[in-house]
Every structure is written in structure tokens, then in C-alpha cells.
Amino acid sequence: MKVLALCGTVALSQTTGEVFETTTVNPFPHDPVAMQFCESGCAGTDYEDPAGHCFDGFYPYPDECSKYIVCWDEGLFGDAFDCAGGLVWNQRYFICDWPYNLSEDHPCYSS
């Protein structure tokens, strides 16, 4: 059975629309670095929010060029995603991109 949504011990079947109880642990746990980043209000970055949460959106993953973070629900949640092989996160366009498309002063740039 394909599960469309899982919240605690309640799941929603993608195929039947049935809601049911389950003992399955969420197979997609949130990335702890991303959660901390979003919950901290993007502290220590150019995106820091004085109100205490990151704005919903896309952010570079700290110290890893080939990953990015998505924050949502006013920064209460966040998760990390990988770019495909050889690509790096381009914050200017919010896409995974080739390293040579970044500005030359970017730490992830390579020609």
C-alpha cells in the first residue's frame, strides 16, 4: 500500500484514500541540521530573521554545496535535499546548478 501522508500513528492511503492507524515510524524523518537551521531563525546567516524563524523558502545547506534546505510553516519545520550528481545549490536562482554558473567568489564555484 502506498502511503500519501503519515502523521504520528495515523496514515492516509494514496491508493484508497483510507485513513488508518499504523505502527510504522515516519520513513522520512526531518534532517536535524535543517530543523535546527529553520527553528533558529537562520541564525548566523544573511537570512537571519529577528522574529526568530526563517521565512518559508529555500536556503543553502551549511558547509555542503550539493545540498539545500527548505523551511516551511514560518520556520517551524525544515528538511534537507540533495542536488543530483555534480550539481550545487545556486541561491540566486533557487536551483541545483553547475558549479561554473556560480559567481567566481562563491565558495562552491569551480570552472
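Rule-based calculations on the coordinates, nothing more; no lab input. Computed from a predicted model, the values in this text were never measured in an experiment. Glycine gets a Cβ as well: all are built from the backbone with ideal geometry, and neighbour counts include every protein chain shown.
FRET efficiency for the His106 to Leu76 pair, using the beta carbon distance and R₀ = 25 Å, is estimated at 0.25.
Fewest neighbouring Cβ atoms within 10 Å first, the residues Ser111, Ser66 line up as Ser111, Ser66. Remark: region 55-101 carries a charge dipole of roughly 220 debye about the Cα centre, counting +1 on each Lys and Arg Cβ and -1 on each Asp and Glu Cβ. Among Tyr93, Tyr47, Tyr61, the order by Cβ neighbours within 10 angstrom, fewest to most, reads Tyr93, Tyr47, Tyr61.
Label separation (His30 vs Glu48): 2.2 nm, computed from points 7 Å beyond Cα along the C-beta direction. Here the residues Thr45, Thr16, ranked from fewest to most Cβ neighbours within 10 Å of their Cβ, fall in the order Thr16, Thr45. With no solvent and one point on each alpha carbon, what is the Debye value of log10 I(q)/I(0) for region 31-111 at q = 0.11, 0.19, 0.24 Å⁻¹? These q points yield log10 I(q)/I(0) values of -0.27, -0.75, -1.06.
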